[in-house]
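Inspection log for the structure reproduced underneath, given as structure tokens.
The values are calculated or read from the model by the stated rules, or taken from the named source; none is laboratory data. For clarity, every value in this text was computed on a predicted model and none was experimentally measured. Neighbour counts are summed over all protein chains in view; Cβ atoms, including those assigned to glycine, are modelled from backbone coordinates with ideal geometry.
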Amino acid sequence: MGYDGKGQQVIDEPGQACDVFEALGGVPCVLEERVELQLELSVLLARSAGGEVAVYPVAENVHVDGILDTTIVPARIDPEVAGRAEAMARTLAERLDYRGMLAVELFLTRGGELLVNELAPRPHNSGHYTLDACVTDQFEQQVRMLCGLTPGSPRLLSPVVMVNLLGDLWTREPPRWGELLRCPEAKLHLYGKRAPRPGRKMGHVNVVMTDIEAAFQTAHALRDGLNAH
């Protein structure tokens, strides 16, 4: 039951393992090696019943407190690394004879190694950028796969940065959506959840610009301004 930073504990020495296990209620646990990370990446793809595969551009992800905070597309990595990541995701889907949308999350270590961290057999948070920046978004793509159609084009139309909107933004007053929507490059998506809670994903913003660094700065400034009263 570990996800978004929940149900997880860091162990610095072997003797802590038993204490952590008891603190988690004695439920089955997975012991994972701590990895010296350079970046976290994800590759989304769609695979049809006929074996056709459409791979989206590699996304660069930034997590805060175990929760996805920011997705940057295209990832700011060497093309050789991007090629390896895409090839790994494609191979996984083909060997599993997978059908539908699949998100492959990867760790890029400081030594340049790519490690698969997680497989999400569905549309994924790190693919929400596709709603405003790709020919075919991940939700349409999932429907196409379920209906037995060929994959739509995953082509990126513009660089984009997505930032998640967590329930923490509702702590004082409702967020200032009007301020955010004054930015013509910003696309706001709210999920219609009635009860905001700290750490709960309530929506996201995509900022679509030709300059990826400008998009990154703008996305974070817009989110920071939602509670600037």
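Residues that are in contact with a Gly (Cβ under 7 Å, 6 or more places away or on another chain) and either at pLDDT below 95 or of a type in the set (S, T, N, Q) (or both) are absent from the range 26-36 altogether. Sub-6 Å Cβ pairs linking a first residue in the range 144-160 that is under 11 Å from residue 57 (Cβ atoms) to a second residue that is at pLDDT 95 or above and aromatic (Phe, Trp, Tyr), at least 6 apart or interchain, are 154/56; 160/129, ordered by first then second residue. Residue count for the range 138-167 satisfying the condition of being more than 30 Å from residue 64 (Cα to Cα) and of a type in the set (A, V, I, L, M): 4. The residue pairs whose first member lies in the range 42-66 and is not assigned by TED's automatic domain parsing to the domain that holds residue 98 and among the aliphatic types (A, V, I, L, M), whose second member is assigned to a strand (DSSP E or B) and modelled with pLDDT of 95 or more, and whose beta carbons are closer than 8 Å, counting only pairs six or more residues apart or on different chains, do not exist in this structure. Residue 102: more than 23 Å from residue 205 (Cβ to Cβ), in contact with a Ser or Thr (Cβ under 9 Å, 6 or more places away or on another chain) and either buried (at least 19 other Cβ atoms within 10 Å of the Cβ) or not assigned by TED's automatic domain parsing to the domain that holds residue 210 (or both), yes or no? No; evaluated as a whole, the condition is false for this residue.
Could you grab me the full set of residues in the range 63-101 that are within 30 Å of residue 169 (Cα to Cα), of a type outside the set (Asp, Glu) and in a strand (DSSP E or B)?
First pass over the range 63-101, keeping only residues within 30 Å of residue 169 (Cα to Cα): 63-76.
Keeping just the survivors that are of a type outside the set (Asp, Glu) gives 63-64, 66-68, 70-76.
Passing the criteria: 63, 64, 67, 68, 70, 71, 72, 73.
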